[in-house]
1. Using a Gaussian network model of the chain whose springs link C-alpha atoms within less than 10 Å, name the residue from Ile108, Ile267, Ile136 with the highest mean-square fluctuation.
2. Given the rule -39500 (n - 2.57) for each run of at least 4 DSSP H residues, summed and divided by the residues of the chain, what is its mean residue ellipticity at 222 nm, to the nearest 500 deg cm²/dmol?
3. Hey, what D do you get for segment 97-222 in µm²/s if you plug the Kirkwood alpha-carbon radius into Stokes-Einstein at 37 °C and 0.692 mPa s?
4. Longest exposed-loop-site-free stretch of the chain, with trypsin sites (Lys or Arg not before Pro), DSSP loop and at most 16 other Cβ within 10 Å?
5. For Lys235 and Thr209, what is the calculated FRET efficiency with R₀ set at 22 Å and r taken between the beta-carbons, to the nearest 0.05?
6. Roughly speaking, what is the centre-to-centre gap between segment 103-173 and segment 83-101 when only Cα atoms are used, to the nearest Å?
7. Considering only DSSP beta bridges where both residues belong to segment 6-154, give the percentage that are antiparallel (nearest 5).
8. Just the projected area, averaged over all directions, of the convex hull on the alpha carbon atoms of segment 79-153: how many nm²?
Amino acid sequence: MERVRFYEMDHEALLIEQGVSKEHILQMKEIKVKNHEPLFWKYHNGILTKETMLVPLEKIKGITRCSPGFSWWDHFILRKGDLVDSRMESLLSSLKKKGLEEFRNTFIDEKYKVSLFHFVDHDIYFVCNDGNHRTIWAKIVGAPFIMADIERYEFPKDEENIKLIESIHREYLNLLNSMNLVHSEGEVVYKDQHVLPFESFEITDWTNTEQIRLAKATYKCNVIELRELIDLYIKISVCGTLHRKIKLFLWKLYDKDTPPNTVIRLIKLGWNLDIETVLNRFERILDMLEHNVE
């Protein structure tokens, strides 16, 4: 008889048979795995200390081989992420052999420790190198703690610069939200359709005032591009039907990637703006940038 691979198994039935509750499984289907990178770039110039300790599983928010935004369950059944079938199957064999309670206890054994980042100011942990499969299993079976080698990061002394860029980015996302747009993997999208690239400037030294200035200036360029789309939307929306058709016909003569054609494409997809809200958001972030960009 051909062996059933881990990803082909009835995972929920197997776990319930071993004593994992349906309620816990449902929770694992709802909680999303997060990516450590957005936090790491804020912390990586900070104060670093190391130690080995027990970590509450509830404070571990992500793994390195993850698909952010998908659940722990999605990763456990190998629907998402980059986990290895044979490693997951090996840990399943250990669960069957030891039973649920003894299996849970293996996660506090220093022989099986994992490696974690700890971002102190947020007090959350992420797998940083070794331990993706064990962390997933510990989460899924409801182990309370896991032994880990910790790389602990505290905010650097130049925290004010970090907070400033964070606040600008937050206002930028608020502006996008008011425009019914989304920032996704380096671009601005509407209903999964590309709208604009998101230009970014990587800050490698948070004490470097020129780098901070350039980062702010980059945000300002992104915001100005969004304003161009807003203005075009207003022009198309306020003109009469006949004039709109003429404008649409003329704008079709442009190359497909021009701002007018981008707006036309979005409107055809159902793009709609609350102009007053959008302009208020725009003025708010522009005011913030004007005061901070030389």
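1. Result: Ile267 has the largest fluctuation of those listed.
2. On the way: 12 runs with 147 residues, N = 294.
Per the formula, -15500 deg cm²/dmol.
3. 182
4. Numbers: sites that count: Arg3, Arg5, Arg65, Arg79, Lys157, Lys191, Lys252, Lys256.
In the chain, the maximal stretch lacking such sites is 80-156.
5. Values: r = 39 Å, r/R0 = 1.78.
Efficiency at R0 = 22 Å is approximately 0.05.
6. 23
7. Values: 15 of 23 bridges.
DSSP beta bridges in segment 6-154 are roughly 65 percent antiparallel.
8. Values: hull surface 21.6 nm².
Mean projected area for segment 79-153: 5.4 nm², to one decimal.
FYI, it's all coordinate maths here, none of it is from the lab. Computed from a predicted model, the values in this text were never measured in an experiment. As a convention, Cβ positions derive from the backbone with ideal geometry for all residues, glycine included, and neighbour counts pool all protein chains shown.
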